[in-house]
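Have a look at the structure below before the remarks.
The values are calculated or read from the model by the stated rules, or taken from the named source; none is laboratory data. Remember, it's a predicted structure, so these values are computed and weren't measured experimentally. Neighbour counts are summed over all protein chains in view; Cβ atoms, including those assigned to glycine, are modelled from backbone coordinates with ideal geometry.
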Amino acid sequence: MTATRLALELAVTLRHDGHGGVADDLAGPEGLAVWVRERAALLDCADDPAVPDEALHTAVRELRAAIRSLFARAVRPGPPSSADAHRLLPEEEALRRLNAAVALVPMTPRLSWDPGAPPAVRHHPAGSPPPADRIVAALARAALAFLAGPDRALLRACPAPRCVRYFVKDHARQEWCTPSCGNRARVARHHERRREEQGGAP
Ligand SMILES: [Zn+2]
């Protein structure tokens, strides 16, 4: 579930701006700094925080483009998010980029066995990779787990007017990313029907 959440949260940093356009929460390194700080534990950098610079900013955005390209593939035959449908990274390049990001930080399993608890295997970064690499690799591992896992089949691009979000369906009949998108879509359908009725009247 953590993997699904992280991969999805990175994808939806490209979002509707409320005025018919697209906003980017990661438009600059400052935006990335806030985003990373809020997820430090999941991103494997809580103890050793990275200061997002231009290089990390570029790396995360390039990974996001790869993830969004693979999300567009995952939702087929449904349409992809309209935010970047016209400029998707080729899938081969997206896969190469995702796998290269995962490979930045090799992980090794470690056994722990606390008194009174069953033995547990946890994966840790091998060696001491730089914090920036840990962030990019943690995001890429999350995307890899999500795309190869059961939640991928539940991924959708929200079809509400102006919405550009991807979401994972919580239940079979869920059509929209949020109730507010559902309301907006129903209002739009209603107006559409009214227009057709009036247009069809003599
Ligand atoms: Zn939506």
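In the range 175-190, of all residues being outside any loop (DSSP other than H, G, I, E, B) and touching a Phe, Trp or Tyr at 6+ places or on another chain (Cβ under 8 Å), the one that is surrounded by the most Cβ atoms within 10 Å (Cβ to Cβ) corresponds to ALA185.
Give the range 70-105 a look and list any residue that's aromatic (Phe, Trp, Tyr) and over 17 Å from the mean Cα position of the chain (by Cα), or say none.
Let us first name the residues in the range 70-105 that are aromatic (Phe, Trp, Tyr), namely 71.
If the condition is that a residue be aromatic (Phe, Trp, Tyr) and over 17 Å from the mean Cα position of the chain (by Cα), then no residue fits.
Restricted to the range 15-59, and to residues there that are assigned to a helix (DSSP H, G or I) and among the aliphatic types (A, V, I, L, M), the residue that is farthest from ASP133 (Cα to Cα) is VAL34. Output the qualifying pairs, or none if there are none: Cβ atoms under 7 angstrom, residues six or more apart or on different chains, first residue in the range 4-17 and within 19 Å of ASP170 (Cα to Cα), second residue of a type in the set (Lys, Arg) and within 16 Å of the ligand (Cβ to nearest atom). Between residues of the range 4-17 that are within 19 Å of ASP170 (Cα to Cα) and residues that are of a type in the set (Lys, Arg) and within 16 Å of the ligand (Cβ to nearest atom), the close pairs are ALA11/ARG68; VAL12/ARG165.
Tell me, yes or no, whether the range 139-154 has at least one residue that is within 16 Å of the ligand (Cβ to nearest atom) and either out of contact with any Ser or Thr (no Cβ under 7 Å at 6 or more places or on another chain) or within 30 Å of HIS16 (Cβ to Cβ) (or both). Scanning the range 139-154, I find at least one residue that is within 16 Å of the ligand (Cβ to nearest atom) and either out of contact with any Ser or Thr (no Cβ under 7 Å at 6 or more places or on another chain) or within 30 Å of HIS16 (Cβ to Cβ) (or both), so the answer is yes.
The residue pairs whose first member lies in the range 169-182 and is at pLDDT below 90 and within 12 Å of the ligand (Cβ to nearest atom), whose second member is in a loop (DSSP other than H, G, I, E, B) and among the small types (Gly, Ala, Ser), and whose beta carbons are closer than 7 Å, counting only pairs six or more residues apart or on different chains, do not exist in this structure.
Might you check whether a residue that is among the aliphatic types (A, V, I, L, M), under 26 Å from HIS124 (Cα atoms) and under 15 Å from the mean Cα position of the chain (by Cα) occurs anywhere in the range 45-55? No: the range 45-55 contains no residue that is among the aliphatic types (A, V, I, L, M), under 26 Å from HIS124 (Cα atoms) and under 15 Å from the mean Cα position of the chain (by Cα).
Within the range 60-77, if we keep just the residues that are assigned to a helix (DSSP H, G or I), out of contact with any strand residue (DSSP E or B) (no Cβ under 8 Å at 6 or more places or on another chain) and charged (D, E, K, R), the residue that is farthest from ALA138 (Cα to Cα) turns out to be ARG73.
Quick check: anything in the range 113-129 in contact with a Phe, Trp or Tyr (Cβ under 6 Å, 6 or more places away or on another chain), more than 16 Å from LEU70 (Cβ to Cβ) and within 16 Å of the ligand (Cβ to nearest atom)? Looking for residues that are in contact with a Phe, Trp or Tyr (Cβ under 6 Å, 6 or more places away or on another chain), more than 16 Å from LEU70 (Cβ to Cβ) and within 16 Å of the ligand (Cβ to nearest atom), one finds none in the range 113-129, hence no.
Checked against (1) within 28 Å of ALA65 (Cα to Cα); (2) over 15 Å from the mean Cα position of the chain (by Cα); (3) surrounded by fewer than 19 Cβ atoms within 10 Å (Cβ to Cβ); (4) not hydrophobic (A, V, I, L, M, F, W, C), ARG193 meets all criteria but (1). Scanning the range 25-35 for residues that are of a type outside the set (A, V, I, L, M, F, W, C) and either within 15 Å of the ligand (Cβ to nearest atom) or over 19 Å from ALA143 (Cα atoms) (or both) yields GLY28, PRO29, GLU30, GLY31.
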